[in-house]
Amino acid sequence: MKRRIFLHGALAAAVLPLAARAAKQPTITVYKTPTCGCCRDWVAHLEQNGFKVIVHDVPSTTPYRAKFGVPSDLGSCHTGVVEAYALEGHVPASEISRLLVERPKARGLSVPGMPVGSPGMEVEGSRRDAFDVVLFADDGSRKVYQRYAARN
Ligand SMILES: [Cu+2]
């Protein structure tokens, strides 16, 4: 009986902080085409990291990039919105969380193209191409928000 109580306590301790964190994460709205598999995998990555995600299947994401102010050369396969920020492509959940804490004056984050090994673009093993998470603003300015190194 004692052991059982202990286990319950341990379980609660392990689960509660996650639940609390999940409750605090805002909702991300994602626009993607219906057949995009890596988009789906990116959505799963966001959900695994505690974000609530609303997915809209659309014929093309191009109008949404335009609507949310994502420059076309920073484009990728899906466009998301979290609060007032645009999220383009396979942006890691950790950078989205950081964005929401730091709240820079910017339009959003992008991982241009579809780099292998970015969240939702995983291949066999841990191979990753180098990629940048780009912070972009309405005035056209950009900076590297986070650099991810290549990995074999
Ligand atoms: Cu993709």
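The values are calculated or read from the model by the stated rules, or taken from the named source; none is laboratory data. Quantities reported herein were computed from a predicted structural model and do not represent experimental measurements. So basically every Cβ, Gly included, is an ideal-geometry build from the backbone, and we count neighbours across all protein chains shown. Heavy atoms of the whole protein, side chains included, go into the accessibility calculation; ligands, DNA and RNA do not. Shrake-Rupley method; radii C 1.70, N 1.55, O 1.52, S 1.80 Å.
Key figures
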item: Filter result (more than 23 Å from Val101 (Cβ to Cβ) and either in a strand (DSSP E or B) or open to solvent by 30 Å² or more (accessible area, probe 1.4 Å) (or both)) within the stretch 23-36; result: Tyr31, Lys32, Thr33, Pro34, Thr35
item: Restricting the stretch 49-62 to residues that are assigned to a loop (DSSP other than H, G, I, E, B) and away from the ligand (no atom under 16 Å from the Cβ), the residue that is most open to solvent (accessible area, probe 1.4 Å); result: Pro59
item: Within the stretch 63-85, considering residues that are without any contact (Cβ under 8 Å) to a residue 24 or more places away in the chain and aliphatic (A, V, I, L, M), the one nearest to the ligand (Cβ to nearest atom); result: Ala66
item: Which listed residue, of Leu135, Leu46, is away from the ligand (no atom under 14 Å from the Cβ), open to solvent by less than 20 Å² (accessible area, probe 1.4 Å) and at pLDDT 95 or above; result: Leu135
